[in-house]
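> Below you will find the structure I want to go over with you.
Every number in this text was worked out from the coordinates using simple rules, so none of it is lab data. This structure is a prediction, so every number in the text was calculated from the model and none was measured. Ideal geometry is used to build each Cβ from the backbone, glycine not excepted, and the neighbour counts take in all protein chains shown.
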Amino acid sequence: MQGKELRVLVVDDEPDVLSLVARTLEGVGYDVTTAKDGYVAVRELRDRQFDVVVTDIVMPKMDGLELIVQLRKTKAGVPIVALSGGGVAKNMDVLRYAETFGASAILEKPFSPAQLIETLDRVLSRRDE
């Protein structure tokens, strides 16, 4: 299903991760918008439509779990891929919480570009069923 001009919002407070995810997805044809935290993401989601959201969980200000909860209240049908790893989030429990709160899929850092693309393809194909 790769790309096909689908719009993706990528949310991560780590500039290197944000850039890597954006470049990977743009490379297979996704139209990518980035946000450095949950508050910026909420503004983007208010102003634009997205086909999928990819969000880190552990972020300052508004974390990914809070973003997922807000997104489920306002745009319930948008698939969400939750990313996390290292530090507090090294424990898979944080990602399991993301699923409980409404994430469509979880991906533990570090992940390969292929894993990221496969995960997006999977959640988007479920959305289209």
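> In debye, nearest 20: dipole of the chain around its Cα centre with unit charges on the Cβ of K, R (+) and D, E (-)?
Once rounded to the nearest 20, the dipole reads 320 debye.
> For percent of Cα pairs over 19 Å apart, the listed values are [x] 59; [y] 40; [z] 47; which was obtained by calculation from the structure presented?
[y]
> Along the charge dipole of the chain, Cβ charges K/R +1 and D/E -1, which of Val10, Pro113, Ile68 sits furthest on the positive end?
Ile68
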